[in-house]
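Here is the structure we will look at.
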Amino acid sequence: METRLADLRYKEVINILDGSRYGYVGDVEFDPESGQIAALVVPGRPRLFGLLGRGEDVVIPWPAVRRFGEDLILVERGEMKRLP
């Protein structure tokens, strides 16, 4: 299955360990030395309908990604690293 980086924005990220839904991919981190994807970034959830900003972003390391589907990405991760 081929997937373009632009198409990742339409895929929901779900943790297979506990079934939690993190949201949709907002950005991708690249390793400049190897040119490979280092992590997926899911923007934080809006607080009070977006009036109070957003929560912290969730960074999912590439090794935690297990499967890509038509409309979702399955990850296996106990705790997510949060961006400030």
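About its Cα centre, how strong a charge dipole does the chain have in debye, to the nearest 20, once Lys and Arg get +1 and Asp and Glu get -1 at the Cβ?
340
Please work out the average accessible area per residue across the chain, using the 1.4 Å probe convention, and give it in Å².
Result: 72 Å² of accessible area for each residue.
Multiplying the sequence separation of PHE30 and ASP18 by 0.36 nm and subtracting their Cα-Cα distance, what value in nm do you get? Write out the running numbers ahead of the final one.
Values: separation 12, 0.36 × 12 = 4.32 nm, distance 2.72 nm.
Value of the extension gain: 1.6 nm.
Which of ASN15, GLN36, LEU48 sits closest to the plus end of the dipole of the chain, meaning its Cα is farthest towards the positive end, when Lys and Arg get +1 and Asp and Glu get -1 on the C-beta?
LEU48
If each of ALA6 and LEU48 carries a label point 7 Å out from its Cα toward its Cβ, how far apart are those two points in nm?
Distance between the two pseudo-spin positions: 3.8 nm.
What's the local net charge at PRO43, with K and R +1, D and E -1, over the other residues with C-beta under 10 Å away?
-1
Could you work out the per residue convex hull volume over the alpha carbons of the chain, in cubic angstrom?
Dividing the Cα hull volume of the chain by its residues yields 113 Å³.
What is the sum of charges around ARG54, taking Lys and Arg as +1, Asp and Glu as -1, for the other residues whose C-beta is under 9 Å from the C-beta of ARG54? Display every interim value, and only then the final one.
Values: positive: ARG45, ARG47; negative: GLU56, ASP57.
In short, 0.
The values are calculated or read from the model by the stated rules, or taken from the named source; none is laboratory data. In this text the structure is predicted, and so the values were computed from the model without any measurement. Note that we place each Cβ from the backbone using ideal geometry, even for glycine, and neighbour counts take in every protein chain shown. To get the accessible areas, we keep the full protein, side chains included, count just its heavy atoms, and leave off ligands, DNA and RNA. Shrake-Rupley method; radii C 1.70, N 1.55, O 1.52, S 1.80 Å.
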